Amino acid sequence: MTIDSIIDFPTDTRPHIGLGVRDLAAATAFYRVLLGSDPVKERPGYAKFETTSPPLNLSLNETKETTPSRGADHFGIQVKTRAEVIAAHGRVKAAGFATMDEEGVTCCFSVQDKVWAIDPDGHRWEVFVVLDEAAVHSLPDPIEDAETEKARCCG
């Protein structure tokens, strides 16, 4: 007997991320802006986003304590154009969240343009486009050591 999902989405699979958040309202406001979408479900202590671009199932679970470095260094949304990076930057900044841009940065063996944003619980998100391949993980700053640069780039 085959049981099919009651939820339809356009891809064969999609990532699911469950995040613990201290302030559900603040986190929901951040993810509305970052994802450009409203939650599909909101309950006391819970909000769920199901987006098609990117294909993502994100649930926010309110908790008294959260640690953003419990396992994930950061999260990312890979896009296809610089214009999408610029649009994400504009959305996040216009909503009053801090952003950091990186243009032409060598990271994870590729050259990328990206914008970083941090949610109210300290979870780091990047929206990025890959512009070219690179032979190195990251280009170290002469002032910083390689481990510091690696942490700044991708950690």
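Within segment 75-88, the set of residues being crowded, with 19+ Cβ neighbours inside 10 Å and out of contact with any helix residue (DSSP H, G or I) (no Cβ under 8 Å at 6 or more places or on another chain) comprises V85 only. Does P68 meet the test of being open to solvent by 40 Å² or more (accessible area, probe 1.4 Å), touching a His at 6+ places or on another chain (Cβ under 6 Å) and modelled with pLDDT under 90? The answer is yes for P68. A residue that is loosely packed, with under 13 Cβ neighbours inside 10 Å, part of a strand (DSSP E or B) and more than 15 Å from the chain's Cα centre (by Cα) cannot be found anywhere in segment 12-33. For segment 89-112, the set of residues classified as in a strand (DSSP E or B), open to solvent by less than 50 Å² (accessible area, probe 1.4 Å) and free of Cβ contacts under 8 Å to residues at least 24 places away in the same chain consists of T99, E102, V111, Q112, listed by residue number.
The values are calculated or read from the model by the stated rules, or taken from the named source; none is laboratory data. Keep in mind it's a predicted model, so treat the numbers as computed, not measured. Cβ: placed from backbone, ideal geometry, glycine included. Neighbour counts: every protein chain shown. Note: areas computed on protein heavy atoms with side chains; ligands, DNA, RNA excluded. Shrake-Rupley method; radii C 1.70, N 1.55, O 1.52, S 1.80 Å.
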